[in-house]
Amino acid sequence: MITYQSVVLLSSDIARSKQFYQDLFNLEIQLDIGALVTFVGGITLWEKNTAMPLLYPGVKEVSNPEKPAQELYFETDAIEEFASIVKNKQIKLLHDVDLTPWNQRTIRFYDPDGNLIEMGESMDHVVKQMSKSGLSPDEIAEKTWMPKEYVSMVLQSG
């Protein structure tokens, strides 16, 4: 049997990165063995100095590309409050709170090692807000690109 365990991010300063993820996302540490820290939920930090010789023998430095081809994705129903925290901590932004074509508000920013992170409103929250504004389930499905069955399920759950 194969089971997913974790995404592993290489960190140039494990203490700084651990603090970043704990402070910003309130992540609980599952395992901390110094050069490797795993958080509950599937994010692992691995010290570059330890990882590099094992992953890329003989290579001195591997840097993140200017435009990473992956991102970590989180959700909150308090996007404005979260964005305020990111800005107050002076974290480098890819973009401020923005509206996607499917009407979800998101903010994207970088961790201390240049990994891209997205924080978005949950689609349940988006659907409920649209319903409160008077849109019908069919209109919500069209505006969010969500299946009508999903919209109905969210609205029925309260």
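Couple of notes before you dig in:
- Other-chain or far-sequence residues with amide H under 5 Å of S11's (modelled H): W46, E47, K48
- Candidates V126, V37, V59, ranked by Gaussian network fluctuation over the chain, Cα under 10 Å, top entry: V59
- For region 139-152, 3J(HN,Hα) per residue [Karplus equation, 6.51 cos²θ - 1.76 cosθ + 1.60, θ = phi - 60°, Hz, x = Gly/Pro]: 5, 5, 4, 5, 6, 9, 6, 8, x, 4, 5, 5, 4, 4
- Once the Cα-Cα distance is subtracted from the 0.36 nm per residue extended length, the Y56 to K132 segment shows a gain of 22.1 nm.
- Once divided by 2.2 N^0.38 Å, the Cα radius of gyration of region 4-95 becomes 1.18.
- Accessible-area value, T50, 1.4 Å probe, nucleic acids and ligands omitted, Å²: 60
- DSSP bridge pairs, the chain: antiparallel proportion in percent, nearest 5: 60
- Environment charge of W46, counting only residues whose C-beta is closer than 13 Å and scoring Lys/Arg +1, Asp/Glu -1: -2
- Angle of helix 123-132 to the longest C-alpha principal axis of the chain, folded into 0 to 90 degrees and rounded to 10: 30°.
- Across region 42-105 the C-alpha pair distances fall into 5 Å bins from zero in the proportions 3, 11, 16, 19, 18, 12, 8, 9, 4, 0 percent.
- W102 versus Q30: modelled label distance in nm, points set 7 Å from Cα along the beta carbon direction: 2.6
- Only helices enter this figure: runs of n ≥ 4 DSSP H residues, each worth -39500 (n - 2.57), summed and divided by the residues of the chain, yield -10500 deg cm²/dmol at 222 nm to the nearest 500.
- Our Cα-only numbers for the chain put the radius of gyration and Dmax at 18.7, 61 Å.
- Whole-number percent relative contact order across the chain, with pairs defined as alpha carbons under 8 Å at least 6 apart: 17
- Per-residue ³J(HN,Hα) for region 71-82, Karplus 6.51 cos²θ - 1.76 cosθ + 1.60, θ = phi - 60°, Hz, x for Gly and Pro: 8, 8, 10, 10, 10, 8, 9, 10, 4, 5, 5, 5
- Checking every one of the trypsin sites (Lys or Arg not before Pro) in region 49-158 against DSSP loop status and a limit of 14 other Cβ atoms within 10 Å picks out K60, K89, K92.
The values are calculated or read from the model by the stated rules, or taken from the named source; none is laboratory data. None of these values were measured; they are calculated from a predicted model. FYI the Cβ positions are ideal-geometry reconstructions off the backbone, even for glycines, and counts take in every protein chain you see. Surface areas here come from the heavy atoms of the whole protein model, side chains and all, with no ligands, DNA or RNA. Shrake-Rupley method; radii C 1.70, N 1.55, O 1.52, S 1.80 Å.
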